[in-house]
Structure formats: C-alpha cells, structure tokens
Amino acid sequence: MKKVISRDSDNAVILPRLLLKIKGRRDCTDSHGFSTESVLRTKAEESKWRSFASLRMTGLLLGTLSLCAMLSMNASVGAASSKRDSSVVDVVRDWGPNVVNIGTEKVALLRKQPFWRGYGHEYDAAFQNFFGPQMISQVKVKSIGSGVILDSTGLIVTNAHVVNMASRVYVTLSDGVSVEGTILAVDQPDDLALVKIEPMHPFKEMKMIAARDVLVGETVIAIGNPLGLENSVSAGVVSGKKRVFGNPQRGVVMTDLIQTDAAINAGNSGGALLNLDGELVGVNLAVAQNAVNIGFVVPTDKIKALVEQYHVRQQEKENQSPAAGISIR
C-alpha cells in the first residue's frame, strides 16, 4: 500500500531543513576562527563606540569654545566696568585736545600806567640820562589764558580780557605745537573773543548745550591752563544759573552767567566747562574774590550769538558799522 504525504507534511519537512541551513551559516567560522555572528556584533559595537566618541569630542569642543567666549566677555565687561575709567576720564580723553593755551604779547604805554602820574618826569629824566633823547616809553607784556576750538576750521573762542590790546596771539595745541592766531571779533560786554588759526589737522566740532538745558547739580569738568599748566582738569557741579557778576560802580556787569564750584584759577579764563556728555556748557570767566569755589562761566548762548554775528558781518561789506558792542577785525 502506497503512503501518501500531505502538503502540510511537505512543508513540515522542508521548514526544518531550511532552518538547519540558516543555522549552519550563522555557526560558520572564518579563517581566524571568529564566527560571522560575532564579527557582525563586534563591528556594530565598534560603530556605536565611534559615534559616541565623536559626540563626546564635539561636546568637549563646544564646551571649550563656550568657556573661551565667557572668559572673553568677563574680561571686556571687567575692563568696561573699571571704577577708574569713569565718565570724567572719557570726557577729558575725547575733548581735552579742543582746549588750547593762548599766549599774548601786549604793548603797554608807560605814560598810561598809574605809577607814571606822579613820577613820570623823573623817569623821563633818568631814561634820557642813560639812553639819550630817545626815551623808552613802552614795554611788551606777556600774558596767558585758555581757549576752546569750536570747529574744524580752527575757530577758537576765549575771553575778551585774555586777548585785550594784544599785538600778537600765540595758540599752543594739546600736542605742544604752537601757531600764531588772528583776532577776528571781540565782544566786550560779554567778555568774549574769537581767534582763528590755520588747522594743522582736522579738529573735532565742539557740541554745545543751551543754558536752558543745563541742570543745576549736574557734574561738570573744567579744562584750562591755570598758571600755564596745560590742560589741567578740575571737576565740580553746576551751582546755579542766571548769575550776575561784575562791578556796577565801574560799569562792568555781566548777566545770565552759570555758577560752578569747579576750580577756576588764573590762566583758566577762556577754558572749557563740559558736562558728562562732552557738551560745552560755556567758557570759564572768573572767580569771586574773597570766596571759595565760586566761579562764573559764560554760557554757550552768547558764544553762538557772537559766532553768528561774525559770519553775518563777514558777508557784508567791510565798511559797514559792526553791531553795538561787537568789534569785528
């Protein structure tokens, strides 16, 4: 009797044989004795470790870069927040070069000096005995003051009493270079004068703040040449506005001045008074006698008015009469 094997039985026989073939392939070994399955496992683990190492190196690199950036930021912030590098230092560094030393040479007539009245004839006789008939009747007197460069053309503002009756004017810049200046205009009532020099190099244009915007109590910096000490700096505050200063008995009265307690000494006249924004508050004028730290400053409103009047007069004919109180040269 013939035995019949069903279709399912064929599958049951074929399947175990296929599994045996696959198992035999997995268990086969290479020439070095390593099974194929172990080699594949080793390569997979090696690839995994390489990816991990790559990620780790990338993390270390990013961490190092972040640390360097943080250190750099801390260094820059530390330098910027230094207590020594204050706003006053910034203003002096930026605008100190705009303050100049003004030296003048004046010819003084001896006969006009007070001491000549009672003893002039005796001086005349003594001079004639020693020097002959040609009598020495005049002497040259030198004085010093300060000034502020206003723009790139070399226009300078100072006090009128600094250049009053001067025959020659010398301007010494912050770098020590000395050039001769020309007096352009004098405003005696407000004690202001304009001087012009040929610029050796471009100057910064001075920013000005109107008197109405000046704050009482705000910090101000005075820069000038007291006693010939170039670019000396003192600091204080605005003590008041609209002050009146002068001697009514002599007919010398100046109004709308700014008061400050910043030190202003002889030779500081014509120098700059600046605020912490580097704006020109005015030019230093004088100090009250028999007082401490009471100084007066001519505000920029009067400086602007003088400059505008000068430019207007320059455009007019030279034979026209200048404005009252303004002497245009």
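Which of the residues belonging to the stretch 204-237 are within 16 Å of Gly271 (Cβ to Cβ) and charged (D, E, K, R)?
Answer for the stretch 204-237, where residues must be within 16 Å of Gly271 (Cβ to Cβ) and charged (D, E, K, R): just Glu230.
When Val169 is tested against (1) touching a helix residue (DSSP H, G or I) at 6+ places or on another chain (Cβ under 8 Å); (2) buried (at least 21 other Cβ atoms within 10 Å of the Cβ); (3) closer than 12 Å to Ile303 by Cα, only condition (3) is not met.
Exactly one residue out of Gly246, Gly228, Gly240 is within 15 Å of Val287 (Cα to Cα), small (Gly, Ala, Ser) and at pLDDT below 95: that is Gly246.
Highlighted here are the strands (runs of 3 or more DSSP E) found entirely within the stretch 129-203 that include at least 1 residues which are within 24 Å of Asn265 (Cβ to Cβ) and at pLDDT below 95: 138-149, 166-172, 178-187. Of everything in the stretch 175-197 that is out of contact with any strand residue (DSSP E or B) (no Cβ under 7 Å at 6 or more places or on another chain) and either in the same structural domain as Asn268 (by TED's automatic domain parsing) or of a type outside the set (A, V, I, L, M) (or both), the residue that is nearest to Asn275 (Cα to Cα) is Asp175. For the stretch 237-250, the count of residues that are under 17 Å from Val216 (Cα atoms), touching an Asp or Glu at 6+ places or on another chain (Cβ under 6 Å) and of a type in the set (Lys, Arg) is at least one. In the stretch 223-283, counting only strands (runs of 3 or more DSSP E) that sit wholly within it, the ones holding 2 or more residues that are of a type in the set (S, T, N, Q) span 232-247, 252-260. Taking each residue of the stretch 282-301 that is in the same structural domain as His161 (by TED's automatic domain parsing) and looking for partners that are not in a strand (DSSP E or B) with beta-carbon atoms closer than 8 Å, six or more apart or interchain, yields nothing.
The values are calculated or read from the model by the stated rules, or taken from the named source; none is laboratory data. Since this is a predicted model, take the numbers as computed values, not measurements. Every residue, glycine among them, receives a Cβ derived from its backbone with ideal geometry; neighbour counts consider all protein chains shown.
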